[in-house]
Amino acid sequence: AATMSAGVGSACSPEGPSSLRNDSSGWCSDTYDMVHYGHSNQLRQARAMGDYLIVGVHTDEEIAKHKGPPVFTQGERYKMVQAIKWVDEIAAGAPYVTTLETLDKYNCDFCVHGNDITLTVDGKDTYEEVKAAGRYRECKRTQGVSTTDLVGRMLLMTKAHHSNIDEDLDYRKHQDNFGKPPFWAECVLASPSGALGGSETSSQGPKGHSPWTGVSQFLQTSQKIIQFASGKEPQPGDTIIYVAGAFDLFHIGHVDFLEKVHLLADRPYIIAGLHFDQEVNRYKGKNYPIMNIHERTLSVLACRYVSEVVIGAPYAVTADLLDHFRVERVCHGLTEVVPDKDGSDPYQEPKRRGIFQLVDSGSNLTTDLIVQRIIKNRLEFEARNQKKEAKELAVLEAMKKMEEEGHERGPQSQEH
């Protein structure tokens, strides 16, 4: 399996930096299909446990064997993981099960995984061997986000969770920061067909805090932003570049664009302006954004090419904004620029100053196309999730049965 150095602009020796290190190094591995800020948070925690982090990414073939076909190709998944700033190196084509042999091969002292069950095809704990050797460490899962949850949000095609307060006061009465479902969502979830249909809706029930209401369960804190932020201010000699957008479902198209922008200067300092949810919904429609402003903030901060994020940037790139951040260049991809509410060009000021630049990312992947890809794979997703659930339930049942048998044997042995 090949290793790739993930540092910005750094080269990789044929054997990979892993063979040359004496420091404490960690290993994480996963499918990393539809990478989100939950994955980034896991990798951030893993990186903090040592001095170097190698991330193993499975091939399409390996994933198809265990879980069903991934949404993203291995090339796309490798690139997404490399773009996360806490990753020092990626191991392409990593084995599905992490063994002691895997850790030794990549010169890693320990492996890190979230505190959830991962099972092999035959229902065994994936990390059994490394746990027994004392080379397993656990990190906390990020509450309020999972791939399944995001797929559910995409499939629930309603824009109610981005309605303006003035337009829909009744809806606001039914929703708070804890994502309690509004009445419309309860109806959708309680209906026989449901928003998603099948068993997924029944796990929480119509009154539960279901992740499929379209309202995120994620609670932002200043601590989380601090953990994700670089904390670095622009230095003399840095080129301050401003980019703006929704950066919804932060994906490979965004990474390609930001990487190209990063190459425009020797010492780039990229500031990403993120529009508030209502603004994104105005120009994107449907139920966009899929991720709210808090989630999008973390997603973009996790990217190694971004130095700073403006949370709730104005749609029009104003003179005030450009002067405040001392912006020397403003970049936009080749996607359509929707006019501002008054019909004006949001980039008229940077254009007037002669600092506006169109950047071709070389990628045609948009959030729309990703959503289409996922909906197209909906049946595979549902089958995969039901299979996973059944596998986990079977293990729990077996454990329960063993426990009961143990209790039954106890009194019998005393009789003999």
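The values are calculated or read from the model by the stated rules, or taken from the named source; none is laboratory data. Remember, predicted model here, so these are calculated numbers, not experimental data. Here the Cβ positions follow ideal geometry from the backbone for every residue, glycine too, while neighbour counts run over all protein chains shown. Each accessible area value is taken on the protein alone, full model and side chains, heavy atoms only, with ligands, DNA and RNA left out. Shrake-Rupley method; radii C 1.70, N 1.55, O 1.52, S 1.80 Å.
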For the condition of a type outside the set (Lys, Arg), open to solvent by less than 60 Å² (accessible area, probe 1.4 Å), modelled with pLDDT of 95 or more and within 21 Å of residue 357 (Cβ to Cβ), what is the one hit in 274, 263?
274
Going residue by residue through the range 368-375, is there one that turns out to be touching a residue at least 12 places away in the same chain (Cβ under 8 Å) and among the polar types (S, T, N, Q)?
no
Going through the range 259-283 in order, the residues found to be within 28 Å of residue 343 (Cα to Cα) and either free of Cβ contacts under 8 Å to residues at least 60 places away in the same chain or assigned to a strand (DSSP E or B) (or both) are 270, 271, 272, 273, 274, 275, 276, 279, 282, 283
From 348, 372, 357, which residue is open to solvent by 70 Å² or more (accessible area, probe 1.4 Å) and either farther than 19 Å from residue 279 by Cα or touching a helix residue (DSSP H, G or I) at 6+ places or on another chain (Cβ under 7 Å) (or both)?
372
All-but-one check, residue 71 against (1) more than 29 Å from residue 394 (Cα to Cα); (2) in contact with a Lys or Arg (Cβ under 7 Å, 6 or more places away or on another chain), failing number (1)
Could you please tell me which pairs satisfy a Cβ distance under 9 Å, a separation of 6+ or placement on different chains, a first residue in the range 321-332 that is assigned to a strand (DSSP E or B), and a second residue that is of a type in the set (D, E, K, R)?
330/349; 330/351; 330/353; 331/260
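Given the residues 160, 229, which is the only one that is at pLDDT 95 or above and either on the phi < 0 side of the Ramachandran plot or surrounded by 12 or more Cβ atoms within 10 Å (Cβ to Cβ) (or both)?
None of the others qualify; the one that does is 229.
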Test: residue 258 is at pLDDT 95 or above, more than 19 Å from the chain's Cα centre (by Cα) and buried (at least 18 other Cβ atoms within 10 Å of the Cβ)
no
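Give me a count of the residues in the range 314-345 that are among the hydrophobic types (A, V, I, L, M, F, W, C) and open to solvent by 60 Å² or more (accessible area, probe 1.4 Å).
The number of residues fulfilling the criteria is 1.
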Suppose we keep only residues that are assigned to a loop (DSSP other than H, G, I, E, B) and free of Cβ contacts under 8 Å to residues at least 12 places away in the same chain within the range 86-134. Which one would you say is least open to solvent (accessible area, probe 1.4 Å)?
118
All but one of (1) out of contact with any Lys or Arg (no Cβ under 8 Å at 6 or more places or on another chain); (2) in the same structural domain as residue 233 (by the TED database) hold for residue 341; which doesn't?
(1)
Determine, yes or no, whether residue 309 is assigned by the TED database to the domain that holds residue 330, of a type in the set (A, V, I, L, M, F, W, C), within 21 Å of residue 43 (Cβ to Cβ) and modelled with pLDDT of 95 or more.
yes
